[in-house]
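Here the structure comes first, spelled out in structure tokens, and everything after it is commentary.
The values are calculated or read from the model by the stated rules, or taken from the named source; none is laboratory data. The structure displayed is predicted, hence computed values, not measured ones. Counting neighbours? That spans all protein chains shown, and the Cβs are built from the backbone with ideal geometry, glycine included.
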Amino acid sequence: MTPETTILVAIGLPIVGALAISLAGRIGPNIREAATAITSVSLIWVVWGLIPTLMEGGRPSIEVSEVMPGLSIAFTVEPLGMLFAALASGLWLINSIYSVGYMRGNKEKNQTRFFVCFALALSATVGVAFAGNLFTLFLCYELLTLSTYPLVAHKGDAATIRSARIYLGVLLSTSIGLFLPAIIWTYTVAGTGDFTTGGILAGKLNDPEIGLLLALFVFGIGKAAVMPMHKWLPAAMVAPTPVSALLHAVAVVKSGVFAITKIIIYIFGIEYLFESPSSGWLLYVAAFTIIVASLVAMRQTNIKRLLAYSTIAQLSYVVMASAILKPLAEVGAALHMVAHAFGKITLFFAAGAIYVASKKTEIHQLRGIGRRMPWTMAAFTIGALSMIGVPPTAGFVSKWYILAGAFEANNLVAVFTIIVSTLLNAAYFLPILYIVWFEHEKEGDKEHGEAPFLAVLALTLTAILTLAFFLFNGPVIELASQVVKGLS
Amino acid sequence: MKLLELLGYFNYWVFAIILTVGLYAVISKTNLIKKLIGLSIFQSAVFLMYITMDKVEGGTAPIIQSGVEDQIFSNPVPQVLILTAIVVGVSTLALGLAMVVRIKECYGTIEENEILDAD
Amino acid sequence: MDLLAHLPALQVVIPMLSAPLIVMLQPRGLAWAGATAAALVSFSIAVALTLAVLDGQTLQYAMGGWPAPYGIALSVDTFSAIILLVITGACTAALLAAKPSIDQQIELERQPLFYAAWLLVLSGLVGIVVSADAFNIFVFMEISSLASYILIAGGPDRRALPAVFKYLMMGTIGATFYLIGVGLIYMMTGTLNLADIQDRLGDVTDINPVLVAAGFITIGLALKAAVFPLHVWVPNAYTHAPHMVTVFLAACATKVALYVLIRFDYMVFQATLEDHEVQFALFAMPLSILGILIASAVAMFEGHLKRRLASSSIAQIGYILLGVSFVSMAGLSASAMHMFNHALAKGGLFLAVACLAYQYRDLRLDQLGGAAARMPWTCAAFVVCGLSLIGVPGTAGFISKWLLITAALESGPWGGALVAIILVSSLMAVVYVWRIVEALYFQAPVEGEGPTSEAPIQMLLVTGFVALLNIYFGLFPQVPLELANSAAALLLEGSQ
């Protein structure tokens, strides 16, 4: 198998898997879960198999169809996308293990539809990661929105439908209303939309326009949840927790920030943007989002909503890191996508495990729960520490790089934002940890133990990954550095 | 002179007036049969327009006779066209009337506003 | 002469002659088979014609061997080829799926006549497209219209009757307006052949009757094409017609009138009248914008499934006209492309509706709750075609939206505003399509109502196939795109 065909296999595999899952669903749940497992393991095998090629400097690329002259469906693997695809496919396996425990533990309906849509969403995610031009990126981006809609609306009651409508409404209207015109504008100006090292727009646009185009892109990519386009993320929390964990902490939201980062690096070109004063606003908007989302998170009483607002803030870290427009910060952005993924998926897994074991959803209900669910809450603690950025967790590594980039650029706004938000993160995570470990249960609380074994297994794994990333981050950094190689 | 010129287009004036009368009936009447009558008047006006434009002053029917030279003919083409158009008009009218019969069977009335009330 | 040379004539003649034949077929159940066979032959002819003109040439055909100014001339070029494909394709797809639905809605004794009328519509529509003669276009237009009145009124729904009556009134007025225009042109040029008219109009000294003719023809055809605000006959006619008739007519009937409108305005008037393209743009652009916005808004609030889609059709006609009104290469090819893609999307949607209607008697949205659980394939096809209607990337609808937006950007200083309008209306399409999807998938079923099984396999197969075509032409639109570009070049060349 040449690397070129591997790309197509990586995208097609989850689709085939979805078919297999839907057929297996008619036979029985165990066969269906086996189909999911086989699909995700083989996806990892296929996607990770591309890494050596990338490390050697290869950039496999394939064109599927030239839809219109100059407008083609094409896929190219470059380091940033490789990182993202490897991350999403790897965590899908762990998430599948967790999903089985969660969905069965909760006795959810329509499980086959759930697993089918999940596989389709993964296919779209890999497509986003490997997209070779703006048009392909847009195509996969929209498919991702549509394939995750049934997952958000999974419960099917009136309140869920309303939230799902917000989810779909915000994501589709931003993408059609802003992202699409930005893409068309780019194609008209540059004549192409291929992701090219150094950008394709240099010298093609004047100063106020470039800021406007950047705005269309940043706000059009609603999945990045840059304020004020963040409303869908808390709304999406009505989804079952595995969806929130993999999609709304990793795949979907990361597709957003990934797209923004990729557009900044490969469409605008960081040097070109750095010299255009009208693009400076992005840093401030991202900083604003970080601070405000953290403040809002402090006021949340529901665990999942708190995590959602924390996600909004953390996403803007990535956006802000890209907006610093220095190679070191771009590496930080790439690292933060990974680091945050490990931490946040652990937190969501823990929240779901709490819900399955005890049906608790509010923070004040968690008094002393650490003694009943020690594994879950230990993992939760690790995840929370990673969000704050305490060593020895993953969050520390990426923050380090972002800070270094900010100092390199002499960007005091970014430095200040990172410091303040770290304090805010501590201010809303530490009280939870205190409640969990040091307060005592209320009298008459329901007796319960740990969540189902598979769920606990999954969250333990991700917690270990969060810790391990602090020590063994060499390959990731090497891959991320490839992104900026030859840039500065 | 101006007046004479206008009067010279007498047949076109008739066409325009009949056309308007027909259209008015179609729009203003609520009885479906009357609407159809209006439609027929409207179409007849167009037939007149075609007939009047093929008339050549002093022309006769376009039949070639042996031995007669320099004969002036009226233009036969519009007449042929309008024969076709008359057939179309008649079919439309017949179909329209058939619809009215079905409407009467189903609704018991052929007044437009009463039909609208019935549903 | 080989067979290819006769294809333009056969395209019209075969369905027309099949119509009386299938009335005589015994037993009566064979009528469907006969009609479907005729439609399939028509479709094959259309494909063969398309292949023949793909290199940009125009096929001319003189009926009975009489050369053009005297005899009846037919001509087929790339623009006609697209429309021929749309008409015959929609007709064939509808007929292939039709049997169960028609059996349910129309008694067996009347079926042969019904199918005969169906073939007459087909023959009339293709006749309009291949005619090179202004008067023959009128005759074919009336053949197809009269037959389509019969089709629409043929179902069990009595509300179809007043709807048809209204359609008949407005359709006849439209056709008569066209006839007046053609008469005036004949008066000034002495010919009915479109190419000859174009040649001779330049020599006409008194231009006023020609201007009046342009007005009459444009308005008359706009009425037939349901251009906003002349669309009032559409919603009821589509809603109450037998479901399969809606599939056929919604996919192609109005587009054919629009085809003639475009032909006339580009090939005949713009070539000869000074500033006609400016006047045409001034006429068409505001109407199309209003149509897009208002009809989309209306569609958002319609409670009946078919009526909602019918309103959307009016908005889509607006898109096509908007592209035409740019009078540019990009705009015209966007329009031609949208004719093709919208037929795919709307045809697929109405096919899915027909499947639903096979099981549900009441097609109001609040009655359709939970349909997806019982009819998963139908609903999946509906979603795919709905996405194509919205213009989601990866579907056929996206291609024409993209072309239209690029054309709007090139169209001049107002390009940005036009793009905004197109995008806003796309969002409205999201709203009106998604409301249906929500009803199908998430709304609670009405107590004691609803089907226990899917629609017949015959209908499902066709519906699913059309849905897949929506995806296929979204990823590989090269062939229709080539046709559309060539058609646009042809039209612009004609207007130079």
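Being surrounded by fewer than 22 Cβ atoms within 10 Å (Cβ to Cβ) and under 30 Å from residue C:373 (Cα atoms) narrows it down to one of A:251, A:158, so name that one.
One residue alone meets the criteria, A:158.
Name the residue, out of A:116, A:100, A:152, that is over 19 Å from residue C:475 (Cβ atoms), more than 19 Å from the chain's Cα centre (by Cα), surrounded by 21 or more Cβ atoms within 10 Å (Cβ to Cβ) and at pLDDT 85 or above.
It is A:116.
Could you list, in sequence order, the residues of segment C:332-357 that are buried (at least 24 other Cβ atoms within 10 Å of the Cβ) and more than 19 Å from residue C:389 (Cα to Cα)?
Within segment C:332-357, just C:332 meets the criteria.
Please give the number of the condition residue C:438 fails out of (1) at the interface with chain A (Cβ under 10 Å from one of its Cβ atoms); (2) in a loop (DSSP other than H, G, I, E, B).
Just one mismatch for residue C:438, condition (2).
Residue B:79 is checked against (1) facing chain C (nearest Cβ under 9 Å); (2) in contact with an Asp or Glu (Cβ under 8 Å, 6 or more places away or on another chain); (3) of a type in the set (S, T, N, Q) and fails just one. What number does that condition carry?
(1)
Is one or more of the residues making up segment A:206-225 away from chain C (no Cβ under 13 Å), within 24 Å of the chain's Cα centre (by Cα), charged (D, E, K, R) and buried (at least 24 other Cβ atoms within 10 Å of the Cβ)?
yes
Taking the condition of being within 16 Å of residue A:340 (Cβ to Cβ) and without any contact (Cβ under 8 Å) to a residue 12 or more places away in the chain, how many residues in segment A:452-488 meet it?
Final tally of qualifying residues: 1.
So residue C:443 ticks every box in (1) within 14 Å of chain A (Cβ to nearest Cβ); (2) among the polar types (S, T, N, Q); (3) closer than 15 Å to residue C:381 by Cα but one. Which box is left unticked?
Here residue C:443 meets the rest and fails (3).
Taking residue A:468 as meeting all but one of (1) small (Gly, Ala, Ser); (2) surrounded by fewer than 20 Cβ atoms within 10 Å (Cβ to Cβ); (3) under 28 Å from residue A:243 (Cα atoms); (4) over 21 Å from the mean Cα position of the chain (by Cα), write down the number of the exception.
(4)
Can you name the condition, by its number, that residue C:173 falls short on among (1) in contact (Cβ under 8 Å) with a residue 24 or more places away in the chain; (2) within 9 Å of another protein chain (Cβ to nearest Cβ); (3) more than 26 Å from residue C:322 (Cβ to Cβ)?
(3)
Do we find a residue being within 16 Å of the chain's Cα centre (by Cα), closer than 19 Å to residue A:335 by Cβ, touching a residue at least 12 places away in the same chain (Cβ under 8 Å) and surrounded by 24 or more Cβ atoms within 10 Å (Cβ to Cβ) anywhere in segment A:232-247?
no
Considering segment C:109-150 alone, what residues qualify as being among the hydroxyl-bearing types (Ser, Thr, Tyr) and more than 13 Å from every other protein chain (Cβ to nearest Cβ)?
C:115, C:123, C:131, listed by residue number.
Do we have residue B:32 as farther than 24 Å from residue C:181 by Cβ, facing chain C (nearest Cβ under 9 Å) and at pLDDT 85 or above here?
The answer is yes for residue B:32.
Can you go through B:42, B:10, B:15 and tell me which one is at pLDDT 80 or above, buried (at least 17 other Cβ atoms within 10 Å of the Cβ) and either more than 27 Å from residue C:124 (Cα to Cα) or more than 9 Å from every other protein chain (Cβ to nearest Cβ) (or both)?
On inspection, the qualifying residue turns out to be B:15.
Quick check: is even one residue across segment C:426-439 hydroxyl-bearing (Ser, Thr, Tyr), touching a Leu at 6+ places or on another chain (Cβ under 9 Å) and farther than 23 Å from residue C:362 by Cα?
Yes, segment C:426-439 has at least one match.
Give the residues of segment C:447-490 that are within 14 Å of chain A (Cβ to nearest Cβ), among the aliphatic types (A, V, I, L, M) and buried (at least 21 other Cβ atoms within 10 Å of the Cβ), sorted by residue number.
C:481, C:483, C:484, C:488
With A:173, A:244 as the choices, which residue is modelled with pLDDT under 90 and either away from every other protein chain (no Cβ under 14 Å) or farther than 25 Å from residue A:286 by Cα (or both)?
A:244 is the lone residue from the list that is modelled with pLDDT under 90 and either away from every other protein chain (no Cβ under 14 Å) or farther than 25 Å from residue A:286 by Cα (or both).
Only one of (1) crowded, with 20+ Cβ neighbours inside 10 Å; (2) more than 9 Å from chain C (Cβ to nearest Cβ); (3) in contact with a Phe, Trp or Tyr (Cβ under 7 Å, 6 or more places away or on another chain) fails for residue A:166. Which number is that?
With (1) crowded, with 20+ Cβ neighbours inside 10 Å; (2) more than 9 Å from chain C (Cβ to nearest Cβ); (3) in contact with a Phe, Trp or Tyr (Cβ under 7 Å, 6 or more places away or on another chain) applied to residue A:166, the lone miss is (1).
If you scan segment A:296-314, which residues turn out to be in a helix (DSSP H, G or I) and among the polar types (S, T, N, Q)?
A:310, A:311, A:314
Return the residues of segment C:369-414 that are crowded, with 24+ Cβ neighbours inside 10 Å, away from chain A (no Cβ under 11 Å) and outside any helix (DSSP H, G or I); say none if nothing qualifies.
Listed by number, the list holds a single entry, C:375.
Being at pLDDT 85 or above, small (Gly, Ala, Ser) and under 30 Å from residue A:475 (Cα atoms) is the requirement here; does residue A:89 meet it?
For residue A:89, the condition - at pLDDT 85 or above, small (Gly, Ala, Ser) and under 30 Å from residue A:475 (Cα atoms) - is met.
Cβ-Cβ below 7 Å, separation at least six or inter-chain, first residue in segment A:72-96 and more than 14 Å from chain C (Cβ to nearest Cβ), second surrounded by fewer than 24 Cβ atoms within 10 Å (Cβ to Cβ) and of a type outside the set (A, V, I, L, M, F, W, C): which pairs?
A:76/A:59; A:76/A:61; A:77/A:59; A:77/A:60; A:78/A:59; A:79/A:482; A:80/A:262
Give A:37, A:20 a once-over and let me know the one that is crowded, with 17+ Cβ neighbours inside 10 Å and among the small types (Gly, Ala, Ser).
After ruling out the rest, the residue left standing is A:20.
I'd like to check which helices (runs of 4 or more DSSP H) are fully inside segment C:202-303 and have at least 2 residues that are more than 21 Å from the chain's Cα centre (by Cα) and surrounded by fewer than 24 Cβ atoms within 10 Å (Cβ to Cβ).
C:208-224, C:276-301
Between C:94, C:98, C:90, C:116, which is of a type in the set (A, V, I, L, M) and over 22 Å from residue C:340 (Cα atoms)?
Exactly one of C:94, C:98, C:90, C:116 is of a type in the set (A, V, I, L, M) and over 22 Å from residue C:340 (Cα atoms), namely C:116.
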